[in-house]
Amino acid sequence: MEYPTREGELLSVIAIEQQIITLIGGGGNQYRARYFSAQDRPNVEPLRPADILVVIHPNPVGKSALVEHATKGFRDSYQYHLIFESS
């Protein structure tokens, strides 16, 4: 399975089941990941379908990424860690 590997890649939330989200990225790639707030920003809004995330720091070896919320066309400083599931 591939994981987002480019800084700046946009991911769109298409579904949420508890703490597992389904995302779609560039080229139509779909991913499933657990998400939680970045440690340095504990008070973040929960994610919703149609939210847009920007990859800040991809970690393909760790199958994870640090992302920032950017739904309204600009980054709003809400950051999340994504841990991608293997299929």
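The values are calculated or read from the model by the stated rules, or taken from the named source; none is laboratory data. Please read these numbers as outputs of a predicted model, since none were measured by experiment. Methodologically, a virtual Cβ is constructed for each residue, glycine included, from the backbone with ideal geometry; neighbour enumeration extends over all protein chains shown. Side chains are part of the model used for accessible areas, which takes the heavy atoms of the whole protein and leaves out ligands, DNA and RNA. Shrake-Rupley method; radii C 1.70, N 1.55, O 1.52, S 1.80 Å.
Under 8 Å for C-alpha pairs, at least 6 residues apart: give me the relative contact order for region 2-87, rounded to a whole percent. Display every interim value, and only then the final one.
Values: 192 pairs, mean separation 26.2, N = 86.
Once divided by the residue count of region 2-87, the mean separation gives 31 percent.
Between beta-carbons, use under 9 Å as the cut-off and find the net charge around ALA70, counting Lys and Arg +1, Asp and Glu -1.
Details: positive: LYS72, ARG75; negative: ASP51, GLU68, ASP76.
So the surrounding residues net to -1.
If you consider only alpha-carbon coordinates, what radius of gyration and Dmax does the chain have, in Å?
Computed over the Cα atoms of the chain, radius of gyration and Dmax are 11.5, 32 Å.
Among GLU45, GLU17, GLU68, determine the one that fluctuates most according to a GNM of the chain built with springs between C-alpha atoms less than 10 Å apart.
Result: GLU17 has the largest fluctuation of those listed.
Quick one: what are the phi-derived ³J(HN,Hα) couplings along region 29-35, Karplus 6.51/-1.76/1.60 with θ = phi - 60°, whole Hz, x for glycine and proline?
Karplus-based 3J(HN,Hα) across region 29-35 equals 5, 10, 9, 10, 8, 7, 9 Hz.
Given the options SER12, SER77, SER37, state which has the largest fluctuation in a GNM of the chain using a 10 Å cut-off (strictly under) for Cα springs.
Sorting by GNM fluctuation, first place goes to SER77.
May I ask you to work out the translational diffusion coefficient for region 9-60 at 10 °C, viscosity 1.306 mPa s, via Stokes-Einstein with Rh from the Kirkwood sum over Cα pairs, reported in whole µm²/s?
Values: Rh = 11.7 Å.
Reported coefficient: 136 µm²/s.
What is the extension gain from SER77 to ILE20, computed as 0.36 nm multiplied by their sequence separation minus the C-alpha to C-alpha distance, in nm to one decimal?
On the way: separation 57, 0.36 × 57 = 20.52 nm, distance 2.11 nm.
Answer, rounded to one decimal: 18.4 nm.
Given a 1.4 Å probe and every protein chain left where it sits, what share in percent of the accessible area of the chain is carbon and sulfur?
Details: 2560 of 5170 Å².
Roughly 50 percent, rounded to a whole number.
Heads up, I need the accessible area for ILE83: 1.4 angstrom probe, whole protein in place, Å², nearest 10.
70
Quick one: among GLY27, GLY62, GLY73, which has the greatest mean-square fluctuation in a GNM of the chain with alpha-carbon springs under 10 angstrom?
Most flexible of the set in this elastic network: GLY27.
With every protein chain present, what is the per residue accessible area of the chain (1.4 Å probe, Å²)?
Working: 5170 Å² over 87 residues.
Computed with neighbouring chains in place, this is 59 Å² per residue.
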